[in-house]
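Just below is one structure, and these are the notes that go with it.
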Amino acid sequence: MHHLGLTVSDIERSIAFYRDTLGMTLVRRRPNVDNDYVGLQTGFTGVVLNVASFRVTPESNQGLEVVQYMNHSGPPAEPATNRAGISHLCLLVDDLRACHADL
């Protein structure tokens, strides 16, 4: 896996959560991405995205990319786990109780 991408409603809040709370490494921040390639990739002409990329750990090859649509944003997804297209992120920890207490 290269990376997992998640669409978010508030990129600054997401950066704070993944970087400051979960301890992921923010490796790239791209505000106001609006090139033609992104429009072709997303299917929305003239789309503007804010993007932040993380490494799960500094030495890992797996990444997480969070994207906020600044225009062309849709309604939040229904979070029920039985809906096609819903995903989840699973992280391994050494001590679940200690991690829960830290959070």
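What to note about this one:
- The packing ranking of peptides 45-56, 17-28, highest mean first, is 45-56, 17-28, where packing means the average number of other beta carbon atoms within 10 angstrom of each residue.
- Residues whose placed amide H lies under 5 Å from that of Met70, excluding near-sequence neighbours: Val48, Leu49, Asn50
- Cα centre as origin, Lys/Arg/Asp/Glu Cβ charges: the chain dipole, Debye: 80
- Mean Cβ neighbour count within 10 Å, used as a protection proxy, ranking 74-83, 29-38 highest first: 29-38, 74-83
- Selection from Gln68, Leu26, Ala52 lying farthest towards where the dipole of segment 21-73 points positive, charges on Cβ: Leu26
- Ratio Rg/Rh, restricted to the chain and using Cα atoms, in which Rh is the Kirkwood radius: 0.99
Every read-out reported here was derived from the displayed coordinates using simple, explicitly stated rules and does not represent laboratory data. Every value quoted in this text rests on a predicted model; they were computed, and no experiment measured them. Every residue, glycine among them, receives a Cβ derived from its backbone with ideal geometry; neighbour counts consider all protein chains shown.
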